[in-house]
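Inspection log for the structure reproduced underneath, given as structure tokens.
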Amino acid sequence: MAVHLQFCVSQQVNVVPYAFKTTGIRVYSFEEVIYHVYHHWRESVDEFLSDKMIQWVAELGHSYLATKMKELKRRDSFAAKILDFLRLVDYFAEDELGTLKTALEKWELRREWEQLKERGDYFANRKEPAKAIPLYKRALQYDENAPILNNLGIQYLQTSAFEEGFACLSRAMLVAPNNFSILLHYIEAAILSGHYGDAAKALKKAYEKDPNCADIAFLLGLMSYEQKDYPKALTYFEKAIAMDMTVPHYVHKAAEVHLQMRQYEKALNTLETATRHDATFHAKKAEIYAAWNDIPRAVKAMTVAVIIEPEATNYAKLAAYHRQDYEPRKAEVAIEKALALDPENNMVKLENARIKKGLGHTREHQAILTEVLKEFRDNYRSDTKITKI
């Protein structure tokens, strides 16, 4: 039987990777690019024919491929663009492309806002609100509906942009006034943004709809907590726990109350009552130990969290605890893992800057801070161009 060898288009070693923003995956050859696009086509929508990608391909010495990519950009059909892109080199069999074509055609038939929402939901589920928010905002430009407004509002809350979250969820309430789930999210946003009068009115409405809802007790506790009435907050959180012991964040928030009152042992004892000892549980334990000034135990707890859920933000927290424990080299190892997973995450970048400063790398520290500040400014300018909700 004859052997058919398939040669790579890149015949030289390349040391300059292309990093996909959405997945954080770095590729070094054109074959790796199309492999990424084939398996992560939803996440590659805005990148596989971007100017940056085309320039990188040209710098690899593939000027012919770069020219073809520029031609593909002018096509209208997304399905045709991506399929012809994957055919630029002989890598995938036609039956593999046929399977993808079916999925692409179904996806393309859906309205634009649905596609953007689906991509936003993907990043929301991965706990990456900074990547979900721009997609939800773009979806709103096509159709202002309650699911998008709700999801966007939640993501804003996750990034501590409380006023923006309250604005989104206020609009969602106008669009879907009888949606109980949106009502609860609206109450949370009202509390976190300091609109306590609006929150109180909405809580009354929610109680009339479902007086046995544990979330209402939790939200009453949250309102007391935000107003620094910790004993009252603890009463409500304990009531929420009694109503539903399976919800971890009720327990975590009760532990947080003890933490705020510097009752560290009570905070740990309360946390231990949680029925689910997941990564969030161990990260909260690390936070309590760190506040108690027991950094070695904080490191141990955060190490467990990283083992359970090896995500960028967890590695960044572990790096921070190593730094506080005067272990700069271990901090550097942890932050490098965080950067490999999510190089665009600003929390990760800022911790990296702190570590560089601790190692005496002043120039790198300043360069990272400048980059993060520029990104904040660019995002602000981008936000001002979006139609207000």
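Structure notes:
So that you can scan it fast, the table gives a plain yes or no per residue for (1) within 24 Å of A312 (Cβ to Cβ); (2) in contact (Cβ under 8 Å) with a residue 60 or more places away in the chain; (3) buried (at least 16 other Cβ atoms within 10 Å of the Cβ); (4) basic (K, R):
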position	(1), (2), (3), (4)
F20	yes, no, yes, no
G61	no, no, no, no
L72	no, no, yes, no
R87	no, no, no, yes
E94	no, no, no, no
T102	no, no, no, no
W113	no, no, yes, no
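- Pair list, Cβ < 8 Å and 6+ apart or interchain, from the stretch 327-342 residues that are surrounded by 17 or more Cβ atoms within 10 Å (Cβ to Cβ) to residues that are acidic (D, E) and assigned to a helix (DSSP H, G or I): I335/E351; A338/E351
- First in the stretch 175-189 and free of Cβ contacts under 8 Å to residues at least 40 places away in the same chain, second anywhere and assigned to a loop (DSSP other than H, G, I, E, B) and not aliphatic (A, V, I, L, M), Cβ under 9 Å, 6 or more apart: V175/E144; V175/N145; A176/N145; F180/D210; F180/C213; L183/P177; L184/C213; A189/H195
- R276 being assigned to a loop (DSSP other than H, G, I, E, B) and under 22 Å from M223 (Cα atoms): no
- Meets criteria (under 28 Å from C168 (Cβ atoms), open to solvent by 40 Å² or more (accessible area, probe 1.4 Å), touching a residue at least 40 places away in the same chain (Cβ under 8 Å) and among the aromatic types (F, W, Y)) for Y142: no
- Close contacts from the stretch 147-168, counting a first residue that is touching a residue at least 12 places away in the same chain (Cβ under 8 Å) and a second that is in a helix (DSSP H, G or I) and of a type in the set (S, T, Y), with Cβ to Cβ under 6 Å and a gap of 6+ residues or different chains, come to I148/Y136; N151/Y136; L152/Y136; G165/Y156.
- All conditions but one from (1) out of contact with any Gly (no Cβ under 9 Å at 6 or more places or on another chain); (2) open to solvent by 10 Å² or more (accessible area, probe 1.4 Å); (3) under 24 Å from L184 (Cβ atoms) apply to I154; the one that does not is (1).
- Options K317, K266, K300: the member that is under 30 Å from K131 (Cβ atoms), in a helix (DSSP H, G or I) and among the charged types (D, E, K, R): K317
- Just one of the listed residues (L192, L219) is modelled with pLDDT of 95 or more, open to solvent by less than 40 Å² (accessible area, probe 1.4 Å), under 26 Å from A286 (Cβ atoms) and of a type outside the set (D, E, K, R), namely L192.
- Only a single item in (1) open to solvent by 30 Å² or more (accessible area, probe 1.4 Å); (2) over 21 Å from Y28 (Cβ atoms); (3) free of Cβ contacts under 8 Å to residues at least 40 places away in the same chain is not met by V45, and it is number (3).
- Between A334, A312, the distinction of being aliphatic (A, V, I, L, M), farther than 25 Å from M261 by Cα and at pLDDT 95 or above belongs to A334 only.
- Counting only helices (runs of 4 or more DSSP H) wholly contained in the stretch 28-90, the ones carrying 3 or more residues that are within 21 Å of V16 (Cβ to Cβ) occupy 30-39, 51-59, 63-72.
- Breaking point among (1) touching a Phe, Trp or Tyr at 6+ places or on another chain (Cβ under 7 Å); (2) within 23 Å of E256 (Cα to Cα), for I154: (1)
Every residue, every condition in (1) touching a Leu at 6+ places or on another chain (Cβ under 8 Å); (2) over 18 Å from V251 (Cα atoms); (3) among the polar types (S, T, N, Q); (4) crowded, with 21+ Cβ neighbours inside 10 Å, yes or no:
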site: H277; (1), (2), (3), (4): no, no, no, no
site: F281; (1), (2), (3), (4): yes, no, no, yes
site: T303; (1), (2), (3), (4): yes, yes, yes, no
site: I307; (1), (2), (3), (4): no, yes, no, no
site: P310; (1), (2), (3), (4): yes, yes, no, no
site: N314; (1), (2), (3), (4): no, yes, yes, yes
site: H322; (1), (2), (3), (4): no, yes, no, yes
site: D325; (1), (2), (3), (4): no, yes, no, no
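- Subset of the stretch 157-181 that is more than 14 Å from H195 (Cβ to Cβ) and within 21 Å of the chain's Cα centre (by Cα) - its residue that is surrounded by the fewest Cβ atoms within 10 Å (Cβ to Cβ): S160
- Here K349 clears all of (1) touching a helix residue (DSSP H, G or I) at 6+ places or on another chain (Cβ under 8 Å); (2) surrounded by fewer than 18 Cβ atoms within 10 Å (Cβ to Cβ); (3) modelled with pLDDT of 85 or more except the condition numbered (2).
- Of all residues making up the stretch 121-136, the number that are crowded, with 18+ Cβ neighbours inside 10 Å and under 21 Å from N179 (Cα atoms): 2
The values are calculated or read from the model by the stated rules, or taken from the named source; none is laboratory data. What you see is a predicted model, and the numbers here were worked out from it, not measured in a lab. Because the Cβ atoms are built from the backbone with ideal geometry, glycine has one as well, and the counts that use them run over all protein chains shown. To get the accessible areas, we keep the full protein, side chains included, count just its heavy atoms, and leave off ligands, DNA and RNA. Shrake-Rupley method; radii C 1.70, N 1.55, O 1.52, S 1.80 Å.
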